[in-house]
Amino acid sequence: MRETPTWRIPVGIIGLFLGLMIYGILIAVYLADILASWHWLAQTVVYIFLGVIWLLPLGNFLIWMETGKWGR
């Protein structure tokens, strides 16, 4: 457990929030019109995939927030 506060936690939270906002806006701007004409089931699969894919780098990001090292 960490004894002293670190600047990485608040910076990481703000970065995560801004990154997710940008990711969501990009998907809404560029993919919403394309996917609107697709069957609802195909749309569901794509949106679930896009909703989960951002989690892939999250583990490394959280490790960086805690330790300052990228990755395990």
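The values are calculated or read from the model by the stated rules, or taken from the named source; none is laboratory data. This is a predicted model, so every value here is computed, not measured. Here Cβ is always computed from backbone atoms with ideal geometry, including for glycine, and neighbour counts include all displayed protein chains. SASA here: full protein model, heavy atoms, side chains in, ligands and nucleic acids out. Shrake-Rupley method; radii C 1.70, N 1.55, O 1.52, S 1.80 Å.
Listing for the model above:
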read-out	value
Residue list for segment 62-72, restricted to those being part of a loop (DSSP other than H, G, I, E, B) and open to solvent by less than 80 Å² (accessible area, probe 1.4 Å)	GLY68, GLY71
Scope segment 1-32; condition modelled with pLDDT of 90 or more and of a type in the set (D, E, K, R); matching residues	ARG8
Cβ-Cβ under 7 Å pairs, at least 6 apart or on other chains, segment 55-72 side closer than 17 Å to LEU20 by Cα, far side assigned to a helix (DSSP H, G or I) and among the charged types (D, E, K, R)	MET65/ARG8
Listing of helices (runs of 4 or more DSSP H) fully contained in segment 1-61 that carry 3 or more residues being open to solvent by less than 60 Å² (accessible area, probe 1.4 Å)	8-30, 40-53
Pick from segment 42-72, criterion small (Gly, Ala, Ser) and more than 10 Å from the chain's Cα centre (by Cα), ranking: modelled with the lowest pLDDT	GLY71
Some residue of segment 57-66 being of a type in the set (A, V, I, L, M) and touching a Lys or Arg at 6+ places or on another chain (Cβ under 8 Å)	yes
Residue within segment 64-72 that is of a type in the set (Phe, Trp, Tyr) and in contact with a Phe, Trp or Tyr (Cβ under 8 Å, 6 or more places away or on another chain) present	yes
Residue check for LEU20: of a type outside the set (Asp, Glu) and touching a residue at least 12 places away in the same chain (Cβ under 8 Å)	yes
